[in-house]
Amino acid sequence: MSIEVSKIVQGVEPSATLAMSAKAKELKSAGETVYNLSVGEPDFDTPKHICEAAIEAMKAGHTRYTVSSGIPQLKEAVCRDYKNRFGLDYKPSQCVVSCGAKHSLHNAFFTSLNPGDEVVLPAPCWVSYAELIKLCGATPVIVETKQEDGFKLTADAFLAAITPKTKMLLLCNPSNPTGSCYTRDELLALAKIVVEKDLVVIADEIYERLVYGGLSFTSFPTVLDGLQERTILIGGVSKTYAMTGWRIGWLLAPETFTKKVSSLQSQETSNPCSISQYAALAALEGDQGCVEAMKVEFEKRRNYVTERIAGIPGLSAPQMDGAFYAFMNIKNFLGRSYGGVEVKTDRDWCLALLEQKKVATVFGSAFFADGYARASFAASMETLEIAFDRIAEFVK
Ligand code: PMP
Ligand code: GLU
């Protein structure tokens, strides 16, 4: 007998980012040296004061269920942070802390979408959005953006994608996988359409602290009065504080919405890990020097990767203004044979690069962009140097 899988879950694709990373780890445990630019997670250790706060939390007995939507101190700290940095007013009751930003996104989609609703998803986009939307019985409407536009959604393309079924726009800024970052004016042009067409926006701003070249980041709900009422803002500690394994993220939204998100979460996961919540609190309230130090290091790597890509004939990538990904256009390198292996698609290319050169990247088609490969530069300089030497050799 086999247990029949539900129709809705049968359609779920595994996360390609995590799958490529698992493949790299498999090779590594078989004794290979792998240069892993696949998964997007900081290679830094979680700062010491954050780990110590977790140990203190355990010692103090914070090892039980917490309020489902998160400990009040953490929700207060999140709200204070958005007030201080963006001037945004949120009450703790408008914040729900969850088991990572991915879980916050799941909660956001699940609480807002009905079957048949359409979500405008500018592509290239991160691997999990479309799958989470489909799990709700809703439809992701993929809108292609162009490399020459910095892979940003234009007002015209947005308008053209809107139908009577459109409920929502998903905006990832800075973008995973392209590293592009919207200016205030670009956001304003989209925001006006959102208001005119009476839509909701999920603004995934998990990379907002990681912007480069002196750029100042604009948070989506700040660009127009009244936008906060129709925005679900997503954030978390995974990328900013090198805390991917702690699983803490949050959403901020109007109270009528967060009340229902809290009910949903209370039935699904009870609460995010109590110890991790105290660690996240220490991250937000502690010295922010660690964030600055990691950002400086990421920026050095981003500059290095930009140079290396420019130095490989036929390879290109959009300017990386934020996050930690290079989205490399590999179209010139497809339709060839590598070490006797025919490479037709970006997936073939990434697999051949991994097998033959032991460099792990993620194929662009996983992000709805054929002919690209994503390389994470959240890896040491030494790894990046060797990885790009090998990419250069591979395509020669
Ligand atoms: N949004 C984006 C754009 C991401 O790249 C990630 C990466 N994991 C997440 C959300 C989820 O982050 P978390 O680790 O907090 O679940
Ligand atoms: N967001 C990271 C990435 O895109 C981590 C893996 C995942 O959650 O997809 O690689």
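For a quick check, take a GNM of the chain with Cα springs below 10 Å and name the residue from SER68, SER216, SER98 with the largest mean-square fluctuation. With Cα springs under 10 Å in the chain, the top fluctuation among SER68, SER216, SER98 is at SER216.
Rounded to the nearest 20, the Cβ-based charge dipole of the stretch 212-306 about its Cα centre (Lys and Arg +1, Asp and Glu -1) stands at 320 debye.
Restricting everything to alpha-carbon atoms, can you work out Rg to Rh for the stretch 135-232 with a Kirkwood hydrodynamic radius?
On the way: Rg = 13.2 Å, Rh = 14.1 Å.
When Rh is taken as the Kirkwood radius, the ratio is 0.94.
Between LEU159 and LYS48, what length in nm is gained on full extension when 0.36 nm per residue of separation is reduced by their alpha carbon distance? Intermediate results must be reported in sequence, preceding the final value.
Details: separation 111, 0.36 × 111 = 39.96 nm, distance 4.74 nm.
Full extension from LEU159 to LYS48 adds 35.2 nm.
Here the extension length gained between ASP348 and SER216 equals 43.7 nm, from 0.36 nm per residue of separation less the Cα-Cα distance.
The label-point distance for GLU255 and SER380, in a model that sets each label 7 Å from Cα toward Cβ, rounds to 5.1 nm. Since only GLY179, SER216, LEU18 are under comparison, the one whose Cα sits farthest along the positive direction of the charge dipole of the chain, derived from C-beta charges on Lys, Arg, Asp and Glu, is LEU18.
Computed from Cα atoms alone, the Kirkwood hydrodynamic radius reported for the stretch 207-349 is 18.9 Å.
Give the shape of the stretch 183-236 as rounded, prolate or oblate, defined through the alpha-carbon gyration tensor: a ≥ b ≥ c are the square roots of its eigenvalues, a/c under 1.5 means rounded, and otherwise the shape is prolate if a/b is larger than b/c and oblate if not. Walk me through the numbers before you get to the answer.
Details: a/c = 2.73, a/b = 1.56, b/c = 1.75.
Here the stretch 183-236 falls in the oblate category.
If you take every DSSP beta bridge fully contained in the chain, what fraction is antiparallel? Give it as a percent rounded to 5. If you can, show how the numbers build up before the last one.
Numbers: 20 of 40 bridges.
Counting DSSP beta bridges with both partners in the chain, the antiparallel share is about 50 percent.
In plain terms, the bigger the Kirkwood radius, the slower the diffusion; for the stretch 89-203, with that radius from Cα pairs, at 20 °C and 1.002 mPa s, Stokes-Einstein puts D at 146 µm²/s.
Normalised by the number of residues in the chain, the mean separation of alpha-carbon contacts (under 8 Å, six or more apart) gives a relative contact order of 23 percent.
For the pair GLU393 and GLN356, label points projected 7 Å from Cα toward Cβ lie 1.2 nm apart. Close amide H partners of GLY236, meaning residues 5 or more places away or on another chain with modelled amide H under 5 Å apart, are TRP250. Among the listed pairs LYS59/LYS239; LYS25/LYS102; LYS83/LYS300; LYS102/LYS197; LYS48/LYS239; LYS102/LYS152, those whose Cα-Cα separation exceeds 18 Å are LYS59/LYS239; LYS25/LYS102; LYS83/LYS300; LYS102/LYS197; LYS102/LYS152.
Given a 10 angstrom Cα cut-off, can you work out which residue in GLU292, GLU205, GLU382 is the most mobile in a GNM of the chain? Per the Cα network of the chain with a 10 Å cutoff, GLU382 tops the list.
Grab the DSSP H runs of the chain that are 4 residues or longer, score each as -39,500 (n - 2.57), total them, divide by all residues and round the 222 nm result to the nearest 500 deg cm²/dmol.
Values: 13 runs with 161 residues, N = 396.
Result for the chain: -12500 deg cm²/dmol, rounded to the nearest 500.
Rounded to the nearest 10 degrees, the inclination of helix 381-395 to the longest alpha-carbon principal axis of the chain is 50 degrees.
Each Lys or Arg adds one and each Asp or Glu subtracts one; over the other residues with Cβ under 12 Å from the Cβ of ALA101, this totals 0. The value obtained for the chain, namely the Cα convex hull volume divided by the number of residues, is 162 Å³ per residue. Just to verify a number: FRET efficiency for GLU32 and ARG64, C-beta to C-beta distance, R0 = 56 Å, to 0.05? Plugging the Cβ-Cβ distance into 1/(1 + (r/R0)^6) gives 0.80. Return the single residue from ASN303, ASN271, ASN176 with maximal mean-square fluctuation; model: Gaussian network over the chain, springs between Cα atoms under 10 Å. Of ASN303, ASN271, ASN176, the most mobile in the Gaussian network model is ASN303. When +1 charges are put on Lys and Arg Cβ atoms and -1 charges on Asp and Glu Cβ atoms, the dipole computed for the chain relative to its Cα centre reaches about 420 debye.
Every read-out reported here was derived from the displayed coordinates using simple, explicitly stated rules and does not represent laboratory data. Small disclaimer: the values here were computed from a predicted structure and weren't measured. Every residue, glycine as well, gets a Cβ built from its backbone with ideal geometry; the counts of neighbours run over all protein chains shown.
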